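Below is one structure, written out as C-alpha cells, with a few remarks after it.
The values are calculated or read from the model by the stated rules, or taken from the named source; none is laboratory data. Just so we're clear, the structure is a prediction, and the values are computed from it rather than from any experiment. Here the Cβ is made from the backbone with ideal geometry for all residues, glycine too, and neighbour counts use every protein chain on show. Keep in mind that these areas ignore ligands, DNA and RNA; they rest on the heavy atoms of the full protein, side chains included. Shrake-Rupley method; radii C 1.70, N 1.55, O 1.52, S 1.80 Å.
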Amino acid sequence: MSVLPLRLVASLVISGLALLLLGIALSFTPARAATGPAPRDYDTSAYRYTDKPAPASVSAGIRTLTVYVDRDFGPAERERIGLALQQWNHVLNGLVRFHTGLLPPDPSDQALAQIRRSGAWIVAKVDSRHPAARERTALAMTVGGRGGGFVYVIADRFGTRDLTAVMLHELGHVLGAGHDPRGHLMSPVYDRSNGHCIDRGAVAMVASAQHLPLSQLNWCVGPGLDDGRYSSQ
Ligand SMILES: [Zn+2]
C-alpha cells in the first residue's frame, strides 16, 4: 500500500516511540483454512448485545479515540469497518468513544506524522508484501499503544465478509486487550463462529486495560457465551 511508506514506519521506530508501545504481532489465523468445504455463514441471529443505561459519569468527560480509515478500502469494506466501530461504541457505553474519519487522499509523510502525533489510530489496508505481514498466517496486525498506532489489515488473506470480525478483534487490541486462548473474540485464532461479536471476556480485558467499570459496559450474549450472571463481577 502506497500511502504508508516504509520510511515513515521506520522513522517512528527510530524516534523511540516503538519502545513505549505494545506491539501485538498476532497470529490471527483462519481456523478452517486447510481443508473441507467452504464454511457457511454463521447464524448470528441468536446473539444480541446487552443495552444498559449510559452511566451518569459520561457527562464528566468522554474519552475519545480517533480512528482514520485508509481510502484504499472500498465502500463495502468501509461499511464493515464501521460496523465494528459501532459495536465497540455500543459496548463501551459512552465511557470511551471511537470517532472515525477517512485518511486524506494520498497523505504526505508530514500529514501522516501529524495524525500520529495527535494520538490517533490508522487502519491501513496492506497486502502480503507489506512488512507488517511478515507473520505468514496473520490476517491483521495491530501495533501501537496509548499514543495511537496502526491496525494493518492484510486484505489479500481473507474475504470482505470477515472484515467486521477481524476489525472487532483488532479494535480489542487497540483498546488494550491481549489474547485469550480460551476466549471468543480475543482468541489468537480466528474462527468465524466465535469471533462475530464482542463477548464478555473481551470486554473484561478492555475494562481492565482502560480502567472502566465492567458492570456499566455492554457485551454480546447468546449460546455458548458467558452472560455474566454466574460470575462475581
Ligand atoms: Zn489478536
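List the pairs whose first member sits in the stretch 173-191 and is over 16 Å from residue 87 (Cβ atoms), whose second member is near the ligand (Cβ under 9 Å from one of its atoms) and among the acidic types (Asp, Glu), and whose Cβ atoms are under 6 Å apart, counting only residues at least 6 apart or on separate chains? Sorted first by the residue in the stretch 173-191, then by its partner, the list stays empty. If you go through the stretch 95-107 and pick out every residue that is of a type in the set (Gly, Ala, Ser) and exposed (fewer than 11 other Cβ atoms within 10 Å of the Cβ), you end up with 0. Consider residue 227 carefully, then state whether it is closer than 24 Å to residue 94 by Cβ, of a type in the set (Asp, Glu) and open to solvent by 10 Å² or more (accessible area, probe 1.4 Å). So residue 227 fits the description; yes. Residue count for the stretch 188-220, restricted to those that are near the ligand (Cβ under 10 Å from one of its atoms) and either open to solvent by 30 Å² or more (accessible area, probe 1.4 Å) or at pLDDT 95 or above (or both): 2.
Among the conditions (1) surrounded by fewer than 23 Cβ atoms within 10 Å (Cβ to Cβ); (2) within 14 Å of the ligand (Cβ to nearest atom), residue 129 misses just one, which is (2).
When 142, 137 are screened for being closer than 17 Å to residue 190 by Cβ, of a type in the set (Ser, Thr, Tyr) and not in a loop (DSSP other than H, G, I, E, B), only 142 passes. When the stretch 89-116 is filtered for residues that are on the phi < 0 side of the Ramachandran plot and either without any contact (Cβ under 8 Å) to a residue 12 or more places away in the chain or in a loop (DSSP other than H, G, I, E, B) (or both), the ones remaining, listed by number, are 89, 95, 103, 104, 105, 107, 108, 110, 111, 114. From the list 119, 183, the one residue that fits, being on the phi > 0 side of the Ramachandran plot and part of a loop (DSSP other than H, G, I, E, B), is 119.
For the stretch 144-187, which positions are within 12 Å of the ligand (Cβ to nearest atom) and farther than 20 Å from residue 120 by Cα? Residues satisfying the conditions are 165, 179, 180, 181, 183, 185, 186, 187.
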